[in-house]
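Okay, so here's the structure we're looking at.
The values are calculated or read from the model by the stated rules, or taken from the named source; none is laboratory data. If you're wondering where the values come from, they're calculated on a predicted model, not measured in any experiment. Here Cβ is always computed from backbone atoms with ideal geometry, including for glycine, and neighbour counts include all displayed protein chains. Note: accessible area is taken over every heavy atom of the protein model, side chains too, but ligands, DNA and RNA are not part of it. Shrake-Rupley method; radii C 1.70, N 1.55, O 1.52, S 1.80 Å.
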Amino acid sequence: MQQHFSLADCDVMGFDLDHTLCRYHLPQSARLIYDSFAQYLVTEKGYDKDLLTLAPDSLDFCCKGLVLDIEEGNFLKLAEDGTVLRASHGTKSMTSEELLDTYGRREWKHFNTVSGMVSRSAKYYLYDNYFDLPGALLCARVVDSLDQHDGQKKYDFWKDMVAAIQHNYKISAFKEDCGTYFPEVKNHPDKYLQRCPDSVKKWLKQLKSAGKILLLITSSHSDYCRLLCEHILGSDFEEYFDIVITNALKPGFFSHTPNQRPFRTLENDEEQEALLSLDKPGWYSQGNAIQLYELLKKMTGKLDPKVVYFGDSMHSDIFPARHYSNWETVFILEELLGDKIAVPAESESEPLEKKGKYEGDQLKAPYFVSKQWGSFFVDRLPGLENAEETLVHTWSCKCISTYSTIAIPSLEAISDLPLDYRFTRFSANTSATVGYYPSPPRALLPNEGSMTMK
């Protein structure tokens, strides 16, 4: 495979919506997601009311790439070979001794299934995107609370957590104003959503006028998708895209066959009968990558059109698009911002009068390196003092270079580049730092890692 990657060589540009095209004000949205789940657990399932209060710095716990070992109530940060690098029981960090005692210096027992991206299981749950992450903090606090009251050793709260997620995000919730999440975003979109920068809107138009086909593929339902797109792009948002696919139920969109997951048309946001094939551009629901690709062949007149897909979730976007569809993948990784600079990204692009508008809610943005979990990219092996020799890449970091073509902090980071700009792609034969644009995370640079670990 060639060493460089250029958007000019791609025929089709596909975009995820949440945290890719539509960026959120993270401290506010994290708090809202946490509250929407906690509210449900307390009012519907009788959990401790203390879960409803949140200390300002507690979102520090939220770090992408954590795995919850459901039965044990433990959160784990894994090395690329599956060794446990850090762990907490509930919110409480384990010491090196406890860590070696519990997990040893060997592959975690479920690592082979997790590393195949099977992230939904009765035994564990993988946290890899900002929609999920506040739930990690809530689960950790539930474990603390159960320990305090019941001295439990095995945990069975997960079914309640799933019910809380379904209650807040189910398809009808937006329409029915049900749960805490959708009504709040509907009423205060500016508090949670960042408008799309003009440079990105201009770039999308340039892509179209260069003859590229633009797709929007989101797991959000059509009514929420419309709210987001109108807010961030404007009422003419449909003109930016040739095909809009909502309720795509990724990663299933990529892994399922046409029989398992047919496309459906929409009428007033209600899904209609299944389609036998996809014949023309438009707005659809559910579906699968196989039939979409057949349509793309027709639209481009090419036997093998080249597709690139932009997304923020390794599990739902990047891995399946690469693994099942062999698309090029651009990983949106906001952690690249936190690793470089000490201000939340939204404050850079916001006019001064808007800064501080929501400062009553002093929750720290989850861009920064978590004090509790350390760098998203590297860590030292537990139990050894000499950091120089024992710095290893995290499993999350390994996934990025394995399944992404390139990784960028936001679409804005590349929107001013010429279309034929040549990015150096990730590859097994080159250093771990190529593939990141505009620059690699500091933690991966020689002599920087040991500083970041503190």
Just flag the chymotrypsin sites (Phe, Trp or Tyr not before Pro) in region 55-152 sitting in loop per DSSP whose Cβ has no more than 10 other Cβ atoms within 10 Å. none
Leaving out ligands, DNA and RNA, and with a 1.4 Å probe, what % of the accessible surface on the chain is carbon or sulfur? 49 percent
Which lysines, on any chain, are close to Lys45 with Cα under 19 Å apart, when same-chain ones fewer than 8 places away are left out? Lys154, Lys159, Lys170
More than 24 angstrom separation, counting every C-alpha pair in region 26-188; what % is that? 34 percent
How do Lys153, Lys212, Lys306 stack up against each other in accessible area, from largest to smallest, with a 1.4 angstrom probe? Lys153, Lys306, Lys212
Put Tyr224, Tyr437 in order of accessible area, largest first, probe 1.4 Å, and you get Tyr437, Tyr224
Asn259 paired with Lys280, simple spin-label distance in nm, labels 7 Å along Cα-to-beta-carbon: 3.0 nm
5 angstrom amide H check on Arg380, placed H, neighbours 5+ away: Val392
Region 193-245: GluC sites (Glu not before Pro) falling in loop per DSSP and having at most 13 other Cβ within 10 Å: none
Among the listed pairs Lys77/Lys109; Lys186/Lys371; Lys212/Lys398, which are separated by more than 22 Å between their Cα atoms? Lys186/Lys371; Lys212/Lys398
With just the Cα atoms defining each centre, how far is region 240-317 from region 1-60? Give it in Å. 23 Å
Rounded to the angstrom and largest first, Cα extents along the principal axes for region 223-345 equal 51, 33, 27
Spin-label model distance (nm) - Gln148 vs Asp50, 7 Å beyond Cα toward Cβ: 0.1 nm
Which of the following values of Rg and Dmax of the Cα atoms in Å was calculated from the structure shown: (1) 23.0, 75; (2) 28.6, 94; (3) 21.6, 65? (3)
Between Ser58 and Leu417, what is the label-to-label distance in nm when each label sits 7 Å out along the Cα-to-Cβ direction? 4.0 nm
Can you tell me the FRET efficiency between Glu238 and Ala210 if r is taken as the Cβ-Cβ distance and R0 is 30 Å, rounded to the nearest 0.05? 0.95
